[in-house]
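Each reported figure results from applying straightforward, stated rules to the coordinates on display, with no laboratory input. Everything numeric in this text was worked out from a predicted model, so none of it was measured. Reconstructed Cβ throughout: ideal geometry from the backbone, glycine too, with neighbour counts over all protein chains shown.
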Ligand code: MD6
Ligand code: FE
C-alpha cells in the first residue's frame, strides 16, 4: 500500500453515523443533489453531488472541474460545514487549518467513480479525509501512475480514510458498491463525504 494512506475502520459508531446522516440531510435541504457532467464531453456522472463549506467542487461541460462558493443550480452559497465535521478533520487530518470544502457524493446501485487523482486543489500538502455512510464500497488505491498496481479496500459505513503524503497524489476510485450491505440509508445507497483544503494559506 502506498505511503500516507490510512484506513480507520468503524471510526464512527452506529449512533454517530445516524447523527452524521441527519447533518447531511439538513445540508441537502438547502443544497440539493445535482448531477455533474464531464468537461468537454458533457457526459453525465453516475453519482449525484452536493457540498457544504466555503467552497464546493463542481463539474460541467463548459466550466470543467473547479471549486466555487455557490451551488451550480440554485446559485446559493453552500451551507456551513457542521461543527462535527470540523471536529473530525481536527482529529484525523494532522493539518492545522480547517477544511474549506466538503464534497458529498451519493452512490446508488450500479454507480462507481473512475480512477482519478484529486488535483483541483492548490493546497496539495493537506490530506483529503473521507467518511463513508451506508452501503459498502470497493475502493482502490494505486500509485502515481494510472497503470501502477492497485490495492483494494472495502469502505464500510462509519469508516474514515485519509489520503496524505504520497497517497495524496495517488490514483484511486470506487469500483462498485455492495447493494443491501447497510440499512443506514432508507432505500440503500452510499454517501461519501470528502474534506479538503483548496487554497494555500
Ligand atoms: C468515494 N472518494 O469514496 C470517493 N478522494 O466515494 C474519493 O474520491 C476520495 O475517498 C480523495 C481522498 C479520499 C477519497
Ligand atoms: Fe478522490
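Would you mind classifying the stretch 20-142 by shape? Square roots of the alpha carbon gyration tensor eigenvalues, ordered a ≥ b ≥ c; an a/c under 1.5 is rounded, otherwise it is prolate if a/b is larger than b/c and oblate if not. Walk me through the numbers on the way to the answer.
On the way: a/c = 1.28, a/b = 1.20, b/c = 1.06.
Judged from the Cα gyration tensor, the stretch 20-142 comes out rounded (a/c under 1.5).
Suppose R0 equals 25 Å; then what is the FRET efficiency for residue 112 and residue 201 from their Cβ-Cβ distance, rounded to the nearest 0.05? Before the final figure, lay out each step's value.
On the way: r = 34 Å, r/R0 = 1.37.
Calculated value: 0.15.
Between residue 146 and residue 59, what is 0.36 nm times their sequence separation minus the Cα-Cα distance? Round to one decimal in nm. Spell out each step's value before the answer.
Working: separation 87, 0.36 × 87 = 31.32 nm, distance 2.14 nm.
Value of the extension gain: 29.2 nm.
Provide 62, 27, 200, 138 in ascending order of the number of other Cβ atoms located within 10 Å of each residue's Cβ, fewest first.
On the way: 62 8, 27 23, 200 11, 138 15.
The most exposed by this proxy come first: 62, 200, 138, 27.
In what order do 197, 156, 18 fall by count of nearby beta-carbon atoms within 10 Å, going from fewest to most?
Ordered by Cβ neighbours within 10 Å, fewest first: 18, 156, 197.
Quick check on the chain: helices-only [θ] at 222 nm, where DSSP H runs of length 4 and up contribute -39,500 (n - 2.57) each and the sum goes over total residues. Nearest 500, please. Don't skip to the end; give the middle numbers.
Details: 2 runs with 27 residues, N = 201.
Dividing the helical sum by the residues of the chain leaves -4500 deg cm²/dmol.
Using alpha carbon centroids, what distance separates the stretch 136-201 and the stretch 94-133, in Å?
8 Å
Along the principal axes of its C-alpha atoms, what lengths does the stretch 117-201 span, in descending order and rounded to whole Å?
Here the spans come out as 40, 31, 16 Å, largest first.
Can you compute the modelled spin-label distance between residue 15 and residue 46, with each label point 7 Å from Cα toward Cβ, in nm?
3.7 nm
First check a/c for the stretch 109-160, with a ≥ b ≥ c the square roots of the eigenvalues of its C-alpha gyration tensor; if it is under 1.5, answer rounded, and if not, answer prolate when a/b is larger than b/c or oblate otherwise. Walk me through the numbers before you get to the answer.
Numbers: a/c = 1.93, a/b = 1.29, b/c = 1.49.
Oblate, because a/c is 1.5 or more while a/b does not exceed b/c.
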